[in-house]
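Have a look at the structure below before the remarks.
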Amino acid sequence: PKIQVDLHKMAEGHLDATIMAAYLEQQERDDASLEKATAKAHHILTQIEEMAAANSSAVSIAYTPDNLQQLKREGKRAIMLAIENGYAIGKDIHNIETFRQRGVVYMTLCHNGDNDICDSAKGNGEHGGVSAFGADVIREMNRVGMMVDLSHAAETSFYQAIEASRTPIVCSHSSARALCDHPRNLTDDQLRALAASGGVAQVCLYDGFLRKEGGATIDDAVRHIVHMVQVAGIDHVGIGTDFDGIGGKLDIASPLDMDKLFDALLKNGMNAADVEKIAYKNAERLVKDTLK
């Protein structure tokens with residue numbers, strides 16, 4: 001009951017695929033701490049792989065876009081792997097290729113605190129944006145076919161990363177700052193820049209990112225989606241629930257409730273093709289454009 005995304009809820013909620021991230025809290029950056037962070041990321045990814053292997057008749061890890069389609073044809077659920085916080089690579093850029101070879105499809109450059117890659121939205125502006133090492137990290141992620149995720153990044157980091165990346169950017173779970181003035185949310189200018197680069201901004205279903213005073217509902221999620229579509233365009237908005245992160249505090253508590261959000265979008269005037277883009281097609285396009 002405490003888990004928002006499990007195999008049963010995926011099946012009953014008709015969720016074909018989900019991304020599960022190895023999350024790392026930002027901690028110290030001495031050599032020993034960085035080694036522990038890298039080891040922890042590998043450990044979490046191993047745990048996900050082991051859970052999938054133990055239920056292989058119903059779910060598998062998807063490493064490519066083709067895997068997603070094949071698993072759907074087989075009637076299986078798909079899990080893609082990610083890392084939340086580039087702290088996981090430490091100062092060793094070779095870790096990026098190692099994680100990509102394990103199947104990691106995106107890495108969030110930072111979390112709640114500056115790291116060696118870039119400044120965080122909740123950081124101290126240590127680098128003035130993306131560090132020199134961070135620029136190398138982005139180029140290496142482009143080379144190996146790993147999506148660059150700018151959720152949690154400071155505005156300075158956001159614009160510098162977009163400039164540095166040769167592939168489209170994802171903001172995996174970030175809502176609209178015009179509707180909820182939180183440093184984790186995206187300004188309208190950021191949304192326009194993301195769209196111009198071919199990227200996708202995914203609305204986060206966390207209560208505090210939808211309504212600053214709390215008490216958010218599905219209507220607030222719809223307001224954010226509609227606003228972001230109006231600013232960035234229908235091809236550049238998706239949904240990054242953050243289930244089992246900080247999601248579940250409004251009336252969308254698991255995949256079982258996602259149909260309520262889609263129905264609300266339809267009732268708000270969107271057509272079925274637009275809702276499909278928001279539900280998965282825009283994210284799928286980004287995966288196809290980036291992964292190697």
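The values are calculated or read from the model by the stated rules, or taken from the named source; none is laboratory data. Please read these numbers as outputs of a predicted model, since none were measured by experiment. Cβ: placed from backbone, ideal geometry, glycine included. Neighbour counts: every protein chain shown. All accessible areas refer to the heavy atoms of the entire protein, side chains included, with ligands and DNA or RNA removed. Shrake-Rupley method; radii C 1.70, N 1.55, O 1.52, S 1.80 Å.
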Roughly speaking, to the nearest percent, how much of the chain's 1.4 Å accessible area is carbon and sulfur?
49
What are the aspartates and glutamates whose alpha-carbon lies under 18 Å from the alpha-carbon of K72, with same-chain residues fewer than 8 places away excluded?
D6, E12, D16, E276, E284
So for the chain, averaging the separation of alpha carbon pairs under 8 Å that are six or more residues apart and normalising by length, what relative contact order in percent results?
16
Mean ellipticity per residue at 222 nm, deg cm²/dmol - from DSSP H runs of n ≥ 4 across the chain, formula -39500 (n - 2.57)
-12500 deg cm²/dmol
Which net charge results when you count Lys and Arg as +1 and Asp and Glu as -1 among the other residues whose beta-carbon is under 15 Å from that of A52?
-2
Expressed to two decimals, region 94-240 has a Cα Rg over Rh, using the Kirkwood radius, of 0.97
Scattering profile of region 174-231 from the Debye formula, Cα beads only, expressed as log10 I(q)/I(0) at q = 0.12 Å⁻¹, is -0.23
Quick check: pseudo-label points 7 Å beyond the Cα along Cα→Cβ at E163 and L266, how many nm apart are they?
4.5
What per residue convex hull volume, in Å³, comes out for region 5-50 when only alpha-carbon positions are used?
70
How high is the relative contact order of region 166-222, given as a whole-number percent (alpha carbon pairs under 8 Å, six or more residues apart)?
38
Checking a compactness column here: for region 73-153, what do you get for Rg(Cα) / (2.2 N^0.38 Å), N being the number of residues?
1.16
Report, please, the projected area of region 1-124 averaged over directions, based on the convex hull of its C-alpha atoms, in nm².
8.6
Region 28-81: D in µm²/s via Stokes-Einstein (Kirkwood Rh, Cα pairs, 37 °C, 0.692 mPa s)?
261
So what's the convex hull volume per residue for the Cα atoms of region 40-113, in Å³?
88
Evaluated at q = 0.21, 0.22 Å⁻¹: base-10 log I(q)/I(0), Debye formula over Cα of region 129-206:
-0.88, -0.96
Reciprocal mean inverse distance between Cα atoms of the chain - Kirkwood radius, Å:
19.0
Taking every alpha carbon pair in region 199-292 and sorting the distances into 10 angstrom bins from 0 up to the bin holding the longest one, the percent per bin comes out as 17, 51, 29, 4, 0
Mind ordering 199-205, 51-57, 221-227 by average Cβ neighbours within 10 Å, highest first?
199-205, 221-227, 51-57
Mind grabbing the accessible area of Y159 for me, 1.4 Å probe, Å², rounded to tens?
90
I'd like to check one number: the per residue accessible area of the chain, probe 1.4 Å, reported in Å² as a whole number.
44
Beyond 11 Å, what share of the Cα-Cα pairs of region 236-284 remains, rounded to the nearest whole percent?
69
